[in-house]
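J.: Following this message is one structure expressed as structure tokens.
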Amino acid sequence: MKNIIYSLVFFIVLTGSGCKRISDNDSAVVEYSNNITEAKSFGLYHENNISQMTVLQPWANASDKDAKNYVFYKDIKDVPSHYRDATLIQIPVKKVVVTSTTHIPSIDVLGKVNSIVGFPGLDYISTPAVRKRIEEGKIVELGQSEALNVESILALEPDVVVVSAMDGNNAAIQLIEKSGIPVIYDGDWTEQTPLGKAEWVKLFGVLFDEQAKAEQLFATIEKEYNQVLKQLEGVKEQPTVMSGAMYQDVWYLPQGGSWVAKYFADVKTNYLWKDSDGTGSAALSFEQVLDKGKDAMYWINPAQFESLEEMKKANPHYGEFSAFKNKKIYSLTSRKGATGGSLFFELGPNRPDLVLKDLVSVFHPELLPNYQPTFILQLK
């Protein structure tokens, strides 16, 4: 899913549940989550010479029957007959098509960018190593993630296509599946927690037969995140925070159960909508937000806006908020790559430790002296 789409659904999150082994009959079903510690939307299990994975949330509001089952193998002889209903994928894969910028950093850190042969919306990619391959003409433009160029994908003959789907009715994806090319539904964006999103690097670890490396990468990120949480334990004062902005006549902001609200809680702030129910976005009127957030000390992620002047031009009433008057408005999404893609939308989900540190540098700068933010910018 490309950056422009994420800018509209920035706060959407989904609830996951436990995973099950694939089997021929219910009596043999066994619960597992051996290799997954934070993510709720998928489970990964290694057995002898194969790995199996279940994606419980391939898209928003997916039901149990929508779960996707995969078996990864090196030699087909190692695949037991009771896995015949799963999607079988031989590893390590050599050529991949991916459809979301969130897939790119996982492939990059595993040292496999040369495997990427196609992507929809090349200008949204910011990772330097991948941009180099794009400039060399080694990655094919595939149109839009919602309307993939199936003919181009078939011509590329990838070993696998990794998709981020809004639902199960994408005609292009269905055609690719019918062609015999394996399609993996990556549900990283449905995760409710920052670390849950980052753990999807383990999917790519399996695809490239780099499981140990992926495990270590995630363990390092998890350790860094938890170390910052440890630093925050002694924080007493929690500044008030608001978020979001108007889109047409509606103000969208993250609900209390969203992963954005999780960041606000972890960084020891008082997010004014922390008690709202839901894991996605709340749709409110301007008056409702002004009534509650007028005196908020900070305003984080004012939608697509990148300057105070731009905000005031779009809606003069933004100036009524204390955070606007005091110039305490910050955006995580304003830093751009060489062709305009948002660094946060690409790298942020993979590096929650850096996002958390960025937020600490705003709310509690004394804890990270001389820190240089990766994503966050103060609007001028």
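The values are calculated or read from the model by the stated rules, or taken from the named source; none is laboratory data. Keep in mind it's a predicted model, so treat the numbers as computed, not measured. Neighbour counts are summed over all protein chains in view; Cβ atoms, including those assigned to glycine, are modelled from backbone coordinates with ideal geometry. With ligands, DNA and RNA removed, areas are computed over all heavy atoms of the protein, side chains included. Shrake-Rupley method; radii C 1.70, N 1.55, O 1.52, S 1.80 Å.
J.: Suppose the filter is modelled with pLDDT under 90, under 30 Å from V113 (Cβ atoms) and surrounded by fewer than 16 Cβ atoms within 10 Å (Cβ to Cβ); does S7 pass it?
T.: It is true that S7 is modelled with pLDDT under 90, under 30 Å from V113 (Cβ atoms) and surrounded by fewer than 16 Cβ atoms within 10 Å (Cβ to Cβ).
J.: Hey, another quick one. If a residue counts only when it is more than 30 Å from F204 (Cβ to Cβ), which helices (runs of 4 or more DSSP H) contained entirely in the stretch 245-353 have at least 2 such residues?
T.: 286-293, 308-314, 322-325
J.: Can you name every residue in the stretch 270-308 that is out of contact with any Ser or Thr (no Cβ under 7 Å at 6 or more places or on another chain), closer than 18 Å to Y318 by Cα and open to solvent by 70 Å² or more (accessible area, probe 1.4 Å)?
T.: Passing the criteria: E287, Q288, D291, K292.
J.: Would you pick out the residues in the stretch 90-120 that are open to solvent by 10 Å² or more (accessible area, probe 1.4 Å) and either assigned to a loop (DSSP other than H, G, I, E, B) or of a type in the set (A, V, I, L, M) (or both)?
T.: If the condition is that a residue be open to solvent by 10 Å² or more (accessible area, probe 1.4 Å) and either assigned to a loop (DSSP other than H, G, I, E, B) or of a type in the set (A, V, I, L, M) (or both), then I91, P92, K94, K95, V109, G111, K112, V113, V117 are the ones that fit.
J.: Can you pull out every residue in the stretch 121-137 that is more than 19 Å from A147 (Cα to Cα) and either outside any loop (DSSP other than H, G, I, E, B) or not small (G, A, S) (or both)?
T.: Residues satisfying the conditions are T127, P128, A129, V130, R131, K132, R133, I134, E135, E136.
J.: List every residue pair whose Cβ atoms sit under 6 Å apart, with the two residues 6 or more apart in sequence or on different chains, where the first one lies in the stretch 233-250 and is without any contact (Cβ under 8 Å) to a residue 40 or more places away in the chain and the second, anywhere, is surrounded by fewer than 16 Cβ atoms within 10 Å (Cβ to Cβ).
T.: Close Cβ pairs satisfying both conditions: Q238/N270; V250/A283.
J.: Here's another thing I want to ask about it. Among residues belonging to the stretch 42-89 that are hydroxyl-bearing (S, T, Y) and either over 23 Å from the mean Cα position of the chain (by Cα) or over 20 Å from N169 (Cα atoms) (or both), point out the one that is surrounded by the fewest Cβ atoms within 10 Å (Cβ to Cβ).
T.: S81
J.: Exactly one of (1) surrounded by 22 or more Cβ atoms within 10 Å (Cβ to Cβ); (2) on the phi > 0 side of the Ramachandran plot is unmet by A39. Its number?
T.: It is condition (2) that A39 fails.
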